[in-house]
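Every read-out reported here was derived from the displayed coordinates using simple, explicitly stated rules and does not represent laboratory data. This one's a predicted model, so the numbers in the text were calculated from it and none came from an experiment. When we count neighbours, we look across all protein chains shown, and the Cβ atoms used for this are built from the backbone with ideal geometry, even at glycine.
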Amino acid sequence: MDVRALLKDAGLAAFVAFMLALPMIGFQTVDFSGGVGITVVTRFGDVAISVVLVFVGRLALSLLQYPSWRPPLLMASVVVVVGLPLLKTQAHYPVITWLAVIASAVIAVRSAWLHFDVSGVVGRDENNRMGDAAAFIGRWFGPVFVLFAVIFPFLPTTSRYLLDLGILVLTYVMLGWGLNVVVGLAGLLDLGYVAFYAVGAYSYAIIARDFGLTFWACLPLAGLFAAFFGVILGFPVLRLRGDYLAIVTLGFGEIIRIVLLNWASFSGGPNGISSIPRPSFLGMPFHPNPPEGVTSFHQFFNIDFSAEHRIVFLYYLILILALVTNSFTLRIRKLPIGRAWEALREDEIACRALGINPTNTKLTAFAIGAMFAGFAGAFFATRQGFISPESFSFIESAVILAIVVLGGMGSQIGVVLAAVLLIGVPEFFRELAQFRMLAFGAAMVGIMIWRPRGLLAHRDPSIRLSDAAGAGR
Amino acid sequence: MLAIRGVSTSYGNIQALHGVDVEVRKGEIVTLIGANGAGKTTLLMTVCGKPRATAGRILFEDRDISMSPTFEIVRMGIAQAPEGRRIFSRMTVLENLQMGATVADPAHFGEDCERVFKLFPILGERKAQRAGTLSGGEQQMLSIGRALMSRPRLLLLDEPSLGLAPMIVKQIFSVIRDINEREGMTVFLVEQNAFHALKLAHRGYVLANGRVVLQGTGAELLANREVRAAYLEGGH
Ligand SMILES: Nc1ncnc2c1ncn2[C@@H]1O[C@H](COP(=O)(O)OP(=O)(O)O)[C@@H](O)[C@H]1O
Ligand SMILES: [Mg+2]
């Protein structure tokens, strides 16, 4: 092993960290106590700590690539033994100690694992092995996840807060699955996906408010409108590729948001639309005192009114919508159109030479992805009861895309894991307060290092050997 | 069956083909040989409609296809195994064949698979393997097999011998002869490997700098002094 190259590499990383930390951590502006104006406080000690952390961290990462388990284990032990007491003195940053311990533990476990797995260290087919694991997870954990999701509202540990969180996560799972059709299967990088979510939400809000249609009547309409917008956007831009498509869709997302913000007579402008009708259960509202002649949910079932009924209902609603999205995607992958999406992502020229019309194929992917966003948007509107352009900013598109990419483009279970990780887990880390984003960032960096192709970058063949005969549809 | 009449093609202001005339009759193997950059691939791609011919006409079974979009041309009965194979590497062998059958009647799928596996038994053994993990020769076989899945009447092959060991080249060429002799498939074969191609073909054309400079039967061209000097000397 080339120790000098490793040290040089870690030194370089530390230097970059120093250049970044000096202005960002080294100087802090604070208010004069009592007086007017601000003064600068220097924190060079903290700068030194971060530089050392980066140096050690980079070294540890490089060591992990080394096909032996001793150096990383040694390194991890040194970090724990020497580093911990040192860091303890920095009592106001307990979280850093915490991160260092976790990182060392990960390194130690990983190196020990390598020890037991030496056979395949050099040139092993990482992809195949991961593929087996992912296929296994997909086959066994899928049903377990669904079962868990179904009984989740009735678990004794499930509070109102957790239920709300579950709804939030499921909404993103659904959006992730929808975007997965566009990005994961068809390979069209769409940075403006939230626009279709917005179209769905506003369609529902306006139709329900102005025409008095029920949620179930509005839902298909919202999906239809969103799909329509997908086609409108797709038609001119689908000739573009990769980066160019990404930029145009990004622009489209912003256009929709800005139009909604400024067209006050239509969308309520920045004030949004409030008192959007809430969904009802087979026509029975969730209301303590329903108007004359209307039976409400609790009256019909002869139970006491509880505000939680509606939450549980919403939870199952989004669960069903998400599962429908999932099974639709799983089915369509086995149909010619779904296969054509995947082929198109790989090689457009070959596809054309096989008689596929690329424009129509991409347009369908775009429209179907948009339709699911529209459904999710309608759900969002009825759940919140209030929508405004603020809910549909670019960051939403970015989060949904991150879920798809992190999950491993095209992997359905991966989307679930990533949504839980990106939406659910940060909620739990609220205690970390200002370090929440730090932990989040560290997690992202870790994933990109160990799973550069996503958590579950595995593709299930759409046709199995046993179906080979007569499965040409 | 395929008549290319005075076709010119340009990339921007670079003209790659200058009034090329080529005729492929039903049941023939016709080869087009030429050095690197002569315009062979360009001619095949022009037949498929991308890029478009800037002059001349392309007739397939007496219909002018020079203005049709690529996917329609394929539906009319022309299939291509493009240069560089262009298989879908993340998909399995079987899925690649399914993609090839896009324009075919689904009822024939099983039967057509069997036909491909009979021509290339190794593909049958590797049905469930990811195509990207096949060897170069197997990938070329898959590319040809995929093209056959659409039940074409005219098969266009662009340098199937590219980068393959002589043994494999022989095998692939004998399969090409097979499908021509047994099934009567019409083949338009583009090659740099002039010796094998001319031995296999009924007729051949020599393309240089975007122009047809010689034509004749395979045997005539093999015997031709200029052809020998330009394309065959040096160990073929
Ligand atoms: N996409 C392209 N854009 C510009 N020029 C091209 C393109 N493809 C091929 N050419 C040019 O056209 C000529 C013929 O290329 P090609 O048909 O690929 O030759 P061959 O297949 O005989 O090796 C070459 O000079 C090449 O540089
Ligand atoms: Mg070529």
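Give the whole-number value, in cubic angstrom per residue, of the convex hull volume spanned by the C-alpha atoms of the protein assembly as shown. Present the calculation step by step, with values, prior to reporting the outcome.
Numbers: hull volume 174.5 nm³, N = 709.
It is 246 Å³ per residue.
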Checklist entry - Kirkwood Rh, Cα Rg: Rg to Rh for segment A:303-418? => result 1.07
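Can you compute the FRET efficiency between A:Val16 and A:Met448 using 1/(1 + (r/R0)^6), with r the Cβ-Cβ distance and R0 = 25 Å? Round to the nearest 0.05.
Values: r = 17 Å, r/R0 = 0.68.
Result of the calculation: an efficiency of 0.90.
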Checklist entry - What FRET efficiency comes out for the pair A:Trp216/A:Gln384, r = Cβ-Cβ distance, R0 = 22 Å, nearest 0.05? => result 0.75
Next on the checklist: Need one number: nm distance between label points at B:Asn36 and B:Arg211, each 7 Å from Cα along Cα→Cβ, rounded to one decimal.
Outcome noted: 2.4
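Using R₀ = 45 Å, calculate the FRET efficiency as 1/(1 + (r/R₀)^6) where r is the Cβ-Cβ separation of B:Arg182 and A:Val231; round to 0.05.
On the way: r = 47 Å, r/R0 = 1.04.
Step by step, r from the Cβ atoms, then E = 0.45.
Dividing the alpha-carbon Rg of segment B:12-73 by 2.2 N^0.38 Å yields what?
1.14
Go through B:Lys127/B:Lys170; B:Lys26/B:Lys127; B:Lys26/B:Lys199; B:Lys26/B:Lys118 and tell me which ones have a Cα-Cα distance over 30 Å in this structure.
Numbers: B:Lys127/B:Lys170 23 Å; B:Lys26/B:Lys127 32 Å; B:Lys26/B:Lys199 19 Å; B:Lys26/B:Lys118 24 Å.
As for pairs spanning more than 30 Å Cα to Cα, those are B:Lys26/B:Lys127.
Take every Cα pair under 8 Å in segment A:193-269 that's 6+ residues apart, average their separations, divide by the length, and report that relative contact order as a whole percent.
Numbers: 52 pairs, mean separation 25.6, N = 77.
It rounds to 33 percent for segment A:193-269.
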Next on the checklist: Give me the inter-chain shielding for B:96-104: mean count of other chain Cβ atoms within 10 Å, whole number please.
Outcome noted: 6
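For A:Ile337 and A:Leu155 in the same chain, what is the full-extension length gain: residue separation times 0.36 nm, less their Cα-Cα distance, in nm? It would help to have the intermediate numbers written out before the result.
Working: separation 182, 0.36 × 182 = 65.52 nm, distance 4.06 nm.
So the chain would gain 61.5 nm between A:Ile337 and A:Leu155.
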Checklist entry - What nm distance separates the two modelled labels at A:Gln28 and A:Phe300, each placed 7 Å from Cα along Cα→Cβ? => result 5.8
Checklist outcome for this item: In whole µm²/s, the translational diffusion coefficient that Stokes-Einstein assigns to segment A:137-450, given a Kirkwood hydrodynamic radius over C-alpha pairs, 10 °C and 1.306 mPa s, equals 78
Item to check | Sequence-distant residues sharing a close amide H with B:Leu214 (under 5 Å, placed H) | outcome: B:Val206
